[in-house]
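The structure under discussion appears below in the form of structure tokens.
Derivation of every value follows stated rules applied to the coordinates shown; laboratory data play no part. These numbers were taken from a predicted model, which means no experiment stands behind them. Cβ placement follows ideal geometry from the backbone for every residue including glycine, while neighbour counts extend to all protein chains displayed.
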Amino acid sequence: MIDEFSQREVFARALSQDYASLLRSARQLSAYVREDMLRDDPDAAMHALGMLDLRLAGMDRFVNDLIRYCRAGQREVVPEQFSISELAEIVFRRQNAHPEAKLVLSVTQDQIVADVSTMRSVLDELFGTALKHHPNSSALELTFESSAAVGAGVIIAVSDNGDGVPDGMLQQITQPFIKLSTSGKSSGLGLSIVARELESMDAQLQFRKRSKGLSAVIVLPPHMSATRDTRRPAIEKLDRSDSPQLRIV
């Protein structure tokens, strides 16, 4: 008998395939409108096409998330040593952050042994979720902390100064499409994907309420902690001059 989790996976796979088919049809319709309607009423056609393109982009993101959700935790991980603070800075610089948004780095355990692609995806989602749900992105302050914990490997915390989540929701945050704040914005599938990706590396994702905001805590097992002696080269070139919208303090 198929358990509930397997049924959800089958449903997600089928839905993503059907949605992808609808997306292709919508794009074909868009091309047709551009070719024919523009001759009769160019202004109205361009406005309609702009709205259609926005909806198509949303559909595209949704399909990609569904595919990521189905594949999360199934890819073979390739552990290698790298600087987690360096990766965090690179990922945050690529977020669509307000010019006044800040990232505060507090790192005592910088070197970890993990799958770089998985950790990049995890941090990208955690940073993006904080930006999405913060009521005033110009006042957003994220604190990234990485430290060694006795018997627990490495603890990585991404904390924000937003509105946090309603009482009693900490255990539900990683469920698909949970509303994380009174704004009505849904978490989508992102945090569900993060939890599954971390599980594939024997790591855990926890959430803790703060006096102001929320902390997403990644608990890495002991074997993922590394010394500073054998640091591998930088993950990629980090040019602080090309991202004026970001301040690292």
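From most to least packed by mean Cβ count within 10 Å, the peptides 104-113, 88-97, 46-55 give 88-97, 104-113, 46-55. Give me the extension gain from ASP41 to LYS209: residue separation times 0.36 nm, minus the current Cα-Cα distance, reported in nm with one decimal. Length gained between ASP41 and LYS209: 55.1 nm.
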